[in-house]
Amino acid sequence: MKKWVTEDRMVDIVVYVLLILVGIVTVYPFYYTVICSFNDGIDLMKGGVYLWPRKFTLANYQLFLGDADVQHAFFISVSKTVVGTLLCTCFTGVFSYTLSRGNLMFRRVYRFLVVFTMYFSGGLIPYYILLKELHLLNSFMVYIIPGMLNAFFVMTGINFFSAIPESMIEAARIDGAREIKVLSRIVFPVSKPFLATLALFTAVGQWNSWLDSAYYVRDNNLRTLSYKMMTIINQTISNAANSDAAGQISQANTATSFTVQATAMAVSMLPILCVYPFLQKYFVQGMMIGAVKE
């Protein structure tokens with residue numbers, strides 16, 4: 001017995017050491033980005049900054065957040081994320097619940113169409129033409145309407161809603177509840193793990209997405225923060241003199257191109273990091289959907 005206890009402890013030690021190493025490797029790049037954003041740019045060029053800012057400053061954030069274009073892009077990203085997440089969660093939840101009902105006509109056809117769209121796509125050019133014909137190009141709704149339905153989560157939601165006892169729904173109908181009341185009072189309250197997981201994935205996708213802003217939007221007032229961040233990360237001091245933000249960077253005494261890039265990345269990470277702890281418990285439960293069959 002003592003031998004087994006000793007071996008178990010050794011295994012636990014090895015596992016904990018490996019987890020700590022993996023955690024450090026995973027977290028440290030984000031941490032390093034944050035400390036660089038709070039460090040003086042000229043001082044950072046000397047090297048040797050690893051664990052905390054050697055010369056603390058808020059000049060990088062003042063420079064980045066003081067840009068009117070960045071402020072407007074931040075507003076667009078927040079609006080896009082909030083509206084897109086709410087509508088995607090609502091429509092995907094309702095659609096997947098509908099397909100999970102056994103009395104729905106042509107249910108197999110609808111499911112086949114959902115699965116088909118998951119594996120086959122018309123490509124970028126037909127998709128662009130479709131958006132053009134729908135008059136969605138260069139409008140705020142191009143961020144919202146195409147993402148209102150998530151095919152992958154529709155299939156996940158079908159499996160989740162199918163596990164809800166039919167007797168529970170029938171009891172509500174016998175009491176006189178209509179379908180909308182069954183959804184709002186019975187189905188959705190017991191579906192928090194699925195809905196929270198869907199909302200988290202959608203919010204992260206909406207917040208980080210920049211290709212839609214690059215491909216389908218020409219109006220600078222509709223650019224998102226992710227797009228602005230990518231332009232800042234990709235630009236250099238030499239070729240950035242034509243833009244206002246670059247002019248500010250080149251004139252700054254303490255900020256450098258790298259510290260402003262680090263600030264942009266830190267600002268883009270902060271909202272998701274603030275939201276995730278509140279959805280973590282639902283997220284873990286939602287990831288286990290369909291993992292165990294009884």
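With the condition kept exactly as written, say whether any residue in region 146-163 is assigned to a helix (DSSP H, G or I), surrounded by fewer than 16 Cβ atoms within 10 Å (Cβ to Cβ) and without any contact (Cβ under 8 Å) to a residue 24 or more places away in the chain.
Among the residues of region 146-163, not one is assigned to a helix (DSSP H, G or I), surrounded by fewer than 16 Cβ atoms within 10 Å (Cβ to Cβ) and without any contact (Cβ under 8 Å) to a residue 24 or more places away in the chain, which makes the answer no.
Restricting the search to region 43-57, which residues are assigned to a loop (DSSP other than H, G, I, E, B) and either surrounded by 10 or more Cβ atoms within 10 Å (Cβ to Cβ) or of a type in the set (D, E, K, R) (or both)?
Once the filter is applied, which keeps residues that are assigned to a loop (DSSP other than H, G, I, E, B) and either surrounded by 10 or more Cβ atoms within 10 Å (Cβ to Cβ) or of a type in the set (D, E, K, R) (or both), region 43-57 yields Met45, Lys46, Val49, Tyr50, Trp52, Pro53, Arg54, Lys55, Thr57.
Which helices (runs of 4 or more DSSP H) does region 195-287 wholly contain that include 1 or more residues that are at pLDDT below 80, open to solvent by 30 Å² or more (accessible area, probe 1.4 Å) and polar (S, T, N, Q)?
225-234, 244-251, 257-287
Going by the conditions given, is Val142 open to solvent by less than 50 Å² (accessible area, probe 1.4 Å), in a helix (DSSP H, G or I) and within 30 Å of Ile186 (Cα to Cα)?
No; evaluated as a whole, the condition is false for this residue.
Which condition number does Phe38 fail, the rest of (1) crowded, with 18+ Cβ neighbours inside 10 Å; (2) without any contact (Cβ under 8 Å) to a residue 40 or more places away in the chain; (3) closer than 21 Å to Leu198 by Cα being met?
Going through the list (1) crowded, with 18+ Cβ neighbours inside 10 Å; (2) without any contact (Cβ under 8 Å) to a residue 40 or more places away in the chain; (3) closer than 21 Å to Leu198 by Cα, Phe38 breaks only (3).
So, of the residues in region 85-135 that are open to solvent by less than 90 Å² (accessible area, probe 1.4 Å), in a loop (DSSP other than H, G, I, E, B) and out of contact with any helix residue (DSSP H, G or I) (no Cβ under 7 Å at 6 or more places or on another chain), which turns out to be farthest from Trp207 (Cα to Cα)?
Top of the filtered list is Gly102.
Taking Phe74 as meeting all but one of (1) under 30 Å from Phe258 (Cβ atoms); (2) in a loop (DSSP other than H, G, I, E, B), write down the number of the exception.
(2)
Among residues belonging to region 167-194 that are of a type outside the set (Ser, Thr, Tyr), touching a residue at least 60 places away in the same chain (Cβ under 8 Å) and assigned to a helix (DSSP H, G or I), point out the one that is surrounded by the fewest Cβ atoms within 10 Å (Cβ to Cβ).
Lys192
Restricting the search to region 12-35, which residues are touching a residue at least 12 places away in the same chain (Cβ under 8 Å) and open to solvent by 80 Å² or more (accessible area, probe 1.4 Å)?
Residue satisfying the conditions is Phe30 alone.
The values are calculated or read from the model by the stated rules, or taken from the named source; none is laboratory data. Predicted model only: the values in this text are computed from it and were never measured. Cβ coordinates were reconstructed from backbone atoms using ideal geometry, including for glycine residues, and neighbour counts include every protein chain displayed. Protein only, heavy atoms only, side chains kept; ligands, DNA and RNA dropped before computing areas. Shrake-Rupley method; radii C 1.70, N 1.55, O 1.52, S 1.80 Å.
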